[in-house]
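Down below is the structure, laid out as structure tokens.
The values are calculated or read from the model by the stated rules, or taken from the named source; none is laboratory data. This is a predicted model, so every value here is computed, not measured. Note that each Cβ is placed from the backbone with ideal geometry, even for glycine, and that neighbours are counted across all protein chains shown.
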Amino acid sequence: MSKEKSGLPKEVCFLGARMHPWTMQQTVDEICRRIEAGVFTQHVVVNVAKVVNMRRDPALYEAVNGCDIINIDGMGVVWGARLLGIDVPERVAGIDLFFRLLDVAQQRGYSAFFLGARQHVVDEAVQRLQQRYPELKIAGWHHGYFWEHEEEVVREIAASGADLLFVAVTSPKKEQFIHRWKDRLGVRFAMGVGGTFDIVAGKTKRAPQWMQNAGLEWFFRVLQEPRRMWKRYLVTNSRFAGLLLQERLRRKK
């Protein structure tokens, strides 16, 4: 695959979505390079559900495709891209990148702001992160139910002086929030992290490593929240399989 001047593999297009087929280390290095250069970076990860929903939701499509770094999170997307001949070296899970960036922040003195989840959840998550990263500069945190006071929260984040912003609300709200306010947030890096705070706080569990490797994290989530999750994954996984088959047949023709 041809390389950009930075030495990173070029972005690819998979089922209409922009993606950067990078390793975890390449991603961390590029984020750090951009932070040090003072370049704002909006980061997002894509999985099967997001790829499917982007085709049905123009606002989500615009918000995701407008991000600066788009990592591939979800073995379904990794395998699907490889099936179509796209070289994807590995999965870059959002939660793993979150922890890697907090390691970097502690080492380099970057400060972080945590936005999302319910108040007691984000409180517990921050407390546990303080224990795990005792030298980490935490600029502030706020729950994720702020939509009637959105601009006020933006001012709070900007006033905190945070370098990194992690937004744990659902898609497409988190992508659209960052995209909408990126010029006023005052941070150098912003990333949507979905249900990460729930996992950090111990409210939900992450799938065992073998299930992650087998692409079964979605099934583990269904087992934890069957009423809320089964229909979502049944629909999106079926649609994804259909899209992949159509694209495979189109390329053969």
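Across the range 127-155, what is the total count of residues that are over 28 Å from Lys50 (Cβ atoms) and either among the acidic types (Asp, Glu) or at pLDDT below 95 (or both)?
Here the count works out to 2.
Can you confirm whether Glu156 is acidic (Asp, Glu), farther than 19 Å from Gln26 by Cα and assigned to a loop (DSSP other than H, G, I, E, B)?
When the stated conditions are applied, Glu156 does not pass them.
Please go through the range 70-94 and pick out each residue that is part of a helix (DSSP H, G or I) and under 9 Å from the mean Cα position of the chain (by Cα).
Gly94
For Val104, state whether it is more than 19 Å from Arg34 (Cβ to Cβ), modelled with pLDDT of 95 or more and of a type in the set (Val, Ile, Thr).
So Val104 does not fit the description; no.
Name every residue in the range 176-235 that is among the charged types (D, E, K, R) and part of a helix (DSSP H, G or I), in order of residue number.
Arg180, Asp198, Glu217, Arg221, Arg227, Arg228, Lys231, Arg232
Taking Leu60, is it touching a residue at least 40 places away in the same chain (Cβ under 8 Å), farther than 15 Å from Met24 by Cβ and surrounded by fewer than 16 Cβ atoms within 10 Å (Cβ to Cβ)?
no
Take Gln246 and tell me if it is polar (S, T, N, Q), at pLDDT below 90, surrounded by fewer than 16 Cβ atoms within 10 Å (Cβ to Cβ) and more than 18 Å from the chain's Cα centre (by Cα).
no
Which is in contact with a strand residue (DSSP E or B) (Cβ under 6 Å, 6 or more places away or on another chain) and in the same structural domain as Glu217 (by TED's automatic domain parsing), of Arg34, Arg55, Arg82?
One residue alone meets the criteria, Arg34.
Would you be able to say whether some residue in the range 136-148 is in a loop (DSSP other than H, G, I, E, B), surrounded by 13 or more Cβ atoms within 10 Å (Cβ to Cβ) and out of contact with any strand residue (DSSP E or B) (no Cβ under 9 Å at 6 or more places or on another chain)?
no
Given the residues Val104, Val45, which is the only one that is buried (at least 21 other Cβ atoms within 10 Å of the Cβ) and either touching a helix residue (DSSP H, G or I) at 6+ places or on another chain (Cβ under 7 Å) or among the small types (Gly, Ala, Ser) (or both)?
Checking each option against the conditions leaves just Val45.
Can you tell me which residue among Phe113, Phe40 is over 26 Å from Pro208 (Cβ atoms) and surrounded by 22 or more Cβ atoms within 10 Å (Cβ to Cβ)?
Checking each option against the conditions leaves just Phe113.
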